[in-house]
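The values are calculated or read from the model by the stated rules, or taken from the named source; none is laboratory data. Computed from a predicted model, the values in this text were never measured in an experiment. Heads up, the Cβs are rebuilt from the backbone with ideal geometry, glycines too, and the neighbour counts pull from every protein chain shown. SASA here: full protein model, heavy atoms, side chains in, ligands and nucleic acids out. Shrake-Rupley method; radii C 1.70, N 1.55, O 1.52, S 1.80 Å.
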Amino acid sequence: MDTYASNLLAEVKAKNPAEPEFHQAVQEVAESLTLALDRHPEFRKNKILERIIEPERVVMFRVPWQDDAGEIRVNRGYRIQMNSAIGPYKGGLRFHSTVNLGILKFLAFEQVFKNALTTLPMGGGKGGADFDPHGRSDQEVMRFCQAFMCELFRHVGPETDVPAGDIGVGAREIGFLFGMYKKLKNEFTGVMTGKGLTWGGSVIRPEATGYGAVYFADEMLKTRKEGLKDKVALVSGSGNVAQYTVEKLITLGAKAVTLSDSTGYIYDEEGIDRDKLNFVMELKNVRRGRISEYADKFKGAVFTKIDKSLDHNPLWNHKAQCAFPSATQNEINGKDAANLLRNGVYVVSEGANMPSTIDAINQFIDAGILFGPGKAANAGGVATSGLEMAQNSMRISWTREEVDNRLYNIMRTIHATCYRTAEKYGTPGNYVNGANIAGFLKVANAMMDQGIV
Ligand code: NDP
Ligand code: 2IT
């Protein structure tokens, strides 16, 4: 890291203590930008990066609600409006017990670069609450979502800020949130994406992040004249992103052998086929059960309970060629990266946001493997949200084929942009630099045009 980047990081740490995930995300970008800022001194002079790391606005609010037993609960809600240089704020909402300001700031920061890469006009934002939907009834989730929207509605809108899902926020929650927004505003607008298909949603949005991560892996493999057929893949998570990653892997002839949740992971050497995937979807999306049930149901599959005393995650310690981390941040540490490389993994496509630590990323880059960072590899979700916004504005709906083609072409374009940018800035094959620099340049140029605001 050059002096400029290390001074900047020191300032970020001093000014935003207790936000380690935000520091990590900024460090990764600042390291990549060292290459670009030397060639574009105007961005340094105009303090573009210093402005990007400061959210345009942060809203933090009380979310009081009543559980089924009548007890009053108080959660904390947030919306980080990070950057609107190239379009309205856009990004998901996360409901998880670990949610805090630093985690949402890292997610909003990454979103700015990711959205810039999609080719669509979307700024970056993120929000959520420290609410844990696990074990809550549908009625409780509805009351929580309504209470959350009772404050959020003042700060969002189809031309201002368009939230969507993330961990703990799927079709059910989007429905409850949208319903309350519509009631409060007395307007039917595309204020959220991930909506139901009969009320403004887009086909392929549920599938988009997982499909996109697989398309991105396929594009990376094509640079070596290879494809996904017959490859073995390790997938983590078992939610939205993991499910559709597995589905697209099956379609392309690859074999996914793992899935996980916060209780542990399953390993199925024979591979997760369509029937088994349908079981997972019903288990996770309807019954909201635990992934251990997979091993009860399918002989030959083994469940391993999470062991927090370990310094590594055994999920990443199986023979494979590909890895699709699709659960959460920092789920691949340095030890895990070493295990992956030792087991033959040479394609990592990040479905989750920042699933690899900086140590892990450095090992992947040093080993020269195909490493697709989340900002690029998982951009298919928000890109298809952008397509949902476009359809809402035009008051029409495209077919599955139309949306999937657009998603595929966007992923190919993102790949090509990252590839070419990495080459242009002297680090061929380094998609981390490619994604960070290309995303930054688009936003930075827009900020220069718009003056000091
Ligand atoms: P879901 O809530 O649908 O699924 C999350 C999965 O990850 C669940 O299996 C969950 O387990 C597991 N998980 C979550 N937190 C932890 C944790 N701390 N430790 C272990 N397991 C955990 O979320 P998504 O699939 O939507 O999101 C997964 C990742 O993909 C996130 O990083 C998200 O930011 C990213 N992402 C999502 C996009 C989208 O369109 N949805 C777009 C781009 C990125 P359990 O069931 O036990 O909670
Ligand atoms: O991290 C992400 O890109 C998302 N959770 C999707 C955001 C969106 O607006 O679709």
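Overview of results
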| read-out | value |
| --- | --- |
| Additional length obtainable on full extension of the chain from Gln450 to Lys305, 0.36 nm per residue less Cα span | 47.0 nm |
| Length-normalised contact order of the chain in % [C-alpha pairs under 8 Å, at least 6 apart] | 16 |
| Given Lys195/Lys375; Lys185/Lys284; Lys15/Lys45; Lys225/Lys276; Lys248/Lys442, the pairs whose alpha carbons are separated by over 25 Å | Lys185/Lys284; Lys225/Lys276; Lys248/Lys442 |
| Charge tally in the Cβ shell below 14 Å around Gly179, where Lys, Arg are +1 and Asp, Glu are -1, Gly179 excluded | +3 |
| Potential extension, Asp68-Arg287 segment - 0.36 nm per residue separation minus Cα distance | 77.0 nm |
| Estimated distance in nm for a label pair at Asp230 and Glu401, the labels positioned 7 Å out from Cα along Cα-to-Cβ | 3.1 |
| Rh (Kirkwood; distinct C-alpha pairs) - region 145-184, Å | 10.3 |
| Global form of region 288-362, assessed from the alpha-carbon gyration tensor, a/c cut-off 1.5 | prolate |
| Proximal lysines to Lys308, defined as alpha-carbon separation beneath 20 angstrom and excluding residues fewer than eight positions away on the same chain | Lys335 |
| Cα gyration tensor, the chain - rounded (a/c under 1.5), prolate or oblate | rounded |
| Percentage relative contact order, region 229-272, counting C-alpha pairs under 8 Å, at least six apart | 41 |
| FRET efficiency, 1/(1 + (r/R0)^6) with R0 56 Å, evaluated for Asn46 and Lys319 via beta carbons | 0.65 |
| Shape category assigned to region 224-363 from the gyration tensor of Cα positions, a/c cut at 1.5 | oblate |
| Per residue accessible area of the chain, 1.4 Å probe, in Å² | 40 |
| Cα-Cα separations in region 170-268 greater than 17 Å, expressed as whole percent | 61 |
